[in-house]
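Enquirer: My structure is below; once you've seen it, I'll send some questions.
Taken together, the values in this text are just the output of simple stated rules run on the coordinates, not laboratory data. This structure is a prediction, so every number in the text was calculated from the model and none was measured. Here Cβ is always computed from backbone atoms with ideal geometry, including for glycine, and neighbour counts include all displayed protein chains.
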Amino acid sequence: MEKRVIFKGVWLPLLLIAPQMLITAVFFFYPAGQAVWQSLFIPDPFGLSMQYVGLGNFEYLLSDPYYRASFLTTAIFSTLVTLVSMGLALYLAVLADRLIKGSGTYRTLLIWPYAVAPAVAGVLWMFMFNTRVGVITWYLGQLGYDWNHVLNGTEAMGLVVIASAWGRISYNFLFFLAGLQSIPRSVIEAAAIDGAGFWTRFRTIVFPLLSPTTFFLLVVNIVYAFFETFGVIHTITAGGPQQSTTILVYKVYADGFVGQDLGSSAAQSVILLLVVGALTVLQFKYVERKVHY
Amino acid sequence: MATLTLEHVKKSFGETKVIHGVDIDVAEGEFIVIVGPSGCGKSTLLRMVAGLEGVSEGEIRIGGDRVNEKEPMARDIAMVFQNYALYPHMSVAENMGYGLKIAKTPKPEIATRVQEAAKLLQLEPYLKRRPRELSGGQRQRVAMGRAIVRRPAVFLFDEPLSNLDAKLRVQMRLEIKQLQRKLGVTALYVTHDQVEAMTLADRMIVMNAGVADQIGAPLDVYADPETAFVAGFIGSPPTNFLPASRFGGTEGEQLGIRPEHLSLVAPGEGRIAGRVISVEPLGAETLVHLRLEDGTDVTVRQEGGAEAPGEGMEAGLSWESAAEMRFDAEGRRMRGT
Ligand SMILES: Nc1ncnc2c1ncn2[C@@H]1O[C@H](COP(=O)(O)OP(=O)(O)OP(=O)(O)O)[C@@H](O)[C@H]1O
Ligand SMILES: [Mg+2]
């Protein structure tokens, strides 16, 4: 039975949610509102006055080939980050779930990357793949592969994807492991008796029963790939080479803080917000309906 | 349909020995119930037959073939779990047809067989529902259906009724028995409920701490227990035990007498005396609990109509010597003499 505490009156509940509301207001609603407001203006080069342009910033952006390219980059980047981090995490979780001895150690070790700040993780990966002194670059060189993510856009993308996904594996792993362990053993055993081998069981029983977890992680990881990977990209490639790793959130920074085009930057923030909002709604509408059983 | 044989089967988990060597021969179509207290290794034994646990020592044969090394799916068995273990994301029909689907049975045949089983189990109206939309008894039937549909050689049941309420348990017990008779499938059924064991079994196996104390038809086991444990476990209320030293036995030996074999006589008469501590009138019968001078509690079962003494009254106890069961200090039955 659901247990509910009923508060009388209005003031106590308001007081209780006030801190959360305040934080949301100060750090989300206020800046978001400001972004929407600013996106309607173009400031003069010295920032002394602003000229109202209506949807001019948006029109300009949507016809800008660089901005459109950034959309594609973001789509590729976030798809890859989500797939790689969730795929590897699921694989590791399945292995850990089968372990009986030593699973504690294994789990602890796998959680460590989560404690590393994205920017620091970015630096670590950058050093390993450094074109002159990187360890991995050297090994790749021994194998006859000439790694240079500073010049090669595909390699740059590969590197930021790996670095971003790596930090995320721990988080996904924990959720997948918890999800796996909440599947009753007897259900798996019943399937084994019914004749299903490991893969068939995984495909027809385990994965469907894991789908609420998978869905949750999908939403969280896409949001992560859209926003929180900024640190990794900034430290490793700074959006380059030739904008090949400039995802939307990085472009907001590059155009606004570096390029000082505040109107366009604000408009980009608004678009980004809408895109993520729309994606989440879509996921809830179409994917979530399938995951409940 | 097949025979099932366990030969010197042992099981240890690391250092812990759980099954100490069990031998059973199950005939085709026989209903065997394994009964014993919690933790005695009933489930472990069943899971070894299913192939969910490895066999440490000994041999298991189904239909004459050694199956020790075979995967569960290759053993031609079906199992009904205590918590039913239904697939929560599949409909009732999909649950029942899952095994056939994996075996790549043609769709029309799956549909027919599921339909047949559903009819047998009165599940037809629920075929499209998910398990969580069913009552406990209906889930239980689906679990049975999943087992039936595959037409296995052996049915395994691990306390399938323990999650049901008392009334439903009695009803399902009858259904399981009828179903097994109708299908003629060999069945191995685990329970800790001795009433279930008595009513279902062709033969029952009484397990005690990893050992099969006795194997036999329920009434034979009841009338002629091999060990003090069996005498105490089978029958309700349980057998009374008295120290045999008071009746010409040696120290450590025990005398077992079933409650229905004791009768109350006037104080000072009979073979032993006690004080009534409580009386339970159950209608058809009345249970009288007494405490003897040495502190032992005994229970007497009387016809419901017979006059019972009041609480706190003194009474004498008598019994026929033929009803005595003597057990040695290790709890083994002593015959003759
Ligand atoms: N995987 C395991 N590792 C170690 N010991 C185990 C394992 N499984 C069972 N045991 C032990 O084996 C003994 C028998 O367990 P089992 O589950 O067969 O009992 P049971 O007779 O089915 O009891 P219940 O009526 O409570 O289900 C118990 O003492 C249990 O602690
Ligand atoms: Mg058990």
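Enquirer: Averaging over all projection directions, find the projected area of the Cα convex hull of the protein assembly as shown and quote it in nm² with one decimal place.
Expert: Dividing the Cα hull surface by four gives the mean projection, 45.2 nm².
Enquirer: Using helices alone, what [θ] at 222 nm do you get for the protein assembly as shown, with -39,500 (n - 2.57) per DSSP H run of 4 or more residues, divided over all residues and rounded to the nearest 500?
Expert: Rounded to the nearest 500, it is -13500 deg cm²/dmol.
Enquirer: Determine the equivalent ellipsoid of chain A by diagonalising the alpha-carbon gyration tensor, then write out the semi-axes as square roots of 5 times the eigenvalues, largest first, rounded to whole Å.
Expert: Ellipsoid semi-axes (Å, largest first): 38, 31, 18.
Enquirer: So what's Rg/Rh here for chain B, counting alpha carbon atoms and using the Kirkwood radius for Rh? Intermediate values should be presented prior to the final figure.
Expert: Working: Rg = 23.7 Å, Rh = 22.3 Å.
Reported Rg/Rh, Kirkwood definition of Rh: 1.06.
Enquirer: Zone of A:Gln283 (label point 7 Å along Cα→Cβ, backbone N under 12 Å): which residues in the range A:219-244?
Expert: Within reach of a label on A:Gln283, which here means backbone N under 12 Å from a point 7 Å along Cα→Cβ, the range A:219-244 contributes A:219-227.
Enquirer: Just to verify a number: FRET efficiency for B:Ala322 and B:Ser12, C-beta to C-beta distance, R0 = 35 Å, to 0.05?
Expert: The pair B:Ala322/B:Ser12 has a calculated efficiency of 0.25.
Enquirer: While we're on this one: Quote the charge dipole size of the range B:284-324 about the Cα centre in Debye, to the nearest 20; the model charges only the Cβ of Lys and Arg (+1) and of Asp and Glu (-1).
Expert: 100
Enquirer: Using the Karplus equation 6.51 cos²θ - 1.76 cosθ + 1.60 (θ = phi - 60°), what ³J(HN,Hα) coupling, rounded to whole Hz, does each residue of the range B:62-75 give in order, writing x for Gly and Pro?
Expert: Once θ is set to phi - 60°, the couplings for the range B:62-75 become 10, x, x, 9, 5, 10, 2, 8, 7, 5, x, 5, 8, 9 Hz.
Enquirer: Hey, fewest Cβ within 10 Å first, where do A:Thr154, B:Thr296, A:Thr214, A:Thr74 land in order?
Expert: A:Thr154, B:Thr296, A:Thr214, A:Thr74
Enquirer: Just to confirm my numbers, what's the Cα centroid distance between the range B:87-117 and the range B:2-70 in Å?
Expert: That distance is 29 Å.
Enquirer: Pop the C-beta distance of A:Tyr91 and A:Leu140 into the FRET formula with R0 = 30 Å and round what comes out to the nearest 0.05.
Expert: Computed FRET efficiency for A:Tyr91 and A:Leu140: 0.80.
Enquirer: Between B:Ala284 and B:Lys182, what length comes free when the chain is fully extended (0.36 nm per residue of separation minus the Cα-Cα distance, one decimal in nm)?
Expert: Answer, rounded to one decimal: 33.4 nm.
Enquirer: Is there a simple number for the mean count of other chain Cβ atoms within 10 Å of the Cβ of residues in B:81-89, and what is it?
Expert: 6
Enquirer: Once label points are set 7 Å from the Cα along Cα→Cβ at both B:Ala223 and B:Ser38, what is their separation, rounded to one decimal in nm?
Expert: 3.4
Enquirer: Determine, for A:Val36, B:Val35, A:Val206, the number of other Cβ atoms within 10 Å of each Cβ, and report the residues in order from fewest to most.
Expert: Listing A:Val36, B:Val35, A:Val206 from fewest to most nearby Cβ atoms yields A:Val36, A:Val206, B:Val35.
Enquirer: If the cut-off is 13 Å between C-alpha atoms, which aspartates and glutamates fall inside it for B:Lys17, apart from same-chain ones fewer than 8 positions away?
Expert: Filter leaves B:Glu57.
Enquirer: Starting from the Cα of B:Asp65, step 7 Å along the direction of its Cβ; do the same at B:Val170; then give the gap between the two resulting points in nm.
Expert: 4.3
Enquirer: Could you calculate, for the range A:1-155, the ratio of the Cα radius of gyration to the Kirkwood radius, expressed as Rg to Rh?
Expert: Details: Rg = 25.1 Å, Rh = 22.3 Å.
That ratio is 1.12, to two decimals.
Enquirer: Could you work out how far apart the two model spin labels at A:Val53 and B:Arg335 are, taking each label as a point 7 Å from the Cα in the direction of the beta carbon, and quote it in nm?
Expert: Each label point is offset 7 Å from its Cα along the Cβ direction, giving 10.6 nm.
Enquirer: Would you work out which of B:Tyr189, A:Ser49, A:Leu109 lies farthest towards the positive end of the dipole of the protein assembly as shown? Charges go on Cβ: Lys and Arg +1, Asp and Glu -1.
Expert: A:Ser49
Enquirer: Round to the nearest 10 and give me the degree value, 0 to 90, for the angle of helix B:92-102's Cα axis relative to the longest principal axis of chain B.
Expert: The helix B:92-102 is inclined about 70 degrees to chain B.
Enquirer: Along the Cα-to-Cβ line of B:Glu28, 7 Å from the Cα, sits a label point; which residues in the range B:43-75 have backbone N less than 15 Å from it?
Expert: The answer is B:62-65, whose backbone nitrogens lie closer than 15 Å to the label point.
Enquirer: State the answer as a single residue: which of A:Val206, A:Ile233, A:Phe173 lies farthest towards the positive end of the charge dipole of chain A, with beta carbon charges of +1 for Lys and Arg and -1 for Asp and Glu, about the Cα centre.
Expert: Result: A:Val206, furthest along the dipole toward the positive end.
Enquirer: Suppose every Lys and Arg Cβ carries +1 and every Asp and Glu Cβ carries -1, with no other charges. What dipole size does the protein assembly as shown come out with about its Cα centre, to the nearest 20 debye?
Expert: 2060
Enquirer: Now for a separate question. When the Cα centres of the range A:63-109 and the range A:166-209 are compared, how far apart do they sit, in Å?
Expert: 18
Enquirer: Now for a different question. Averaged across orientations, what area in nm² does the convex hull of the alpha carbons in the range A:67-210 project?
Expert: Mean orientational projected area (the range A:67-210, Cα hull): 11.7 nm².
Enquirer: Among the lysines, which have Cα under 29 Å from the Cα of B:Lys128 when same-chain residues fewer than 8 positions away are ignored?
Expert: A:Lys285, A:Lys290, B:Lys101, B:Lys104, B:Lys107, B:Lys119, B:Lys167, B:Lys177, B:Lys182
Enquirer: Could you give the size of the charge dipole of chain A about its Cα centre, using +1 on the Cβ of each K and R and -1 on the Cβ of each D and E, expressed in debye and rounded to the nearest 20?
Expert: Dipole size: approximately 1100 debye.
Enquirer: Return, for the Cα atoms of the range B:250-337, the radius of gyration and Dmax in Å, separated by a comma.
Expert: Cα only, the range B:250-337: 13.8, 39 Å (Rg, Dmax).
Enquirer: Between the helical axis of B:136-149 and the dominant principal axis of chain B, each derived from Cα atoms, what acute angle in degrees is found, rounded to the nearest 10?
Expert: It works out to around 60 degrees.
Enquirer: Right, here's the next one. Which of the peptides B:299-306, A:55-62 is most tightly packed, and how do the rest follow, judged by the mean count of other Cβ atoms within 10 Å per residue?
Expert: Descending packing order for the listed peptides: A:55-62, B:299-306.
Enquirer: Straight distance only, please: which lysines reach the Cα of B:Lys10 with their own Cα at less than 20 Å, same-chain residues fewer than 8 apart left out?
Expert: Those lysines meeting the cut-off are B:Lys42, B:Lys70.
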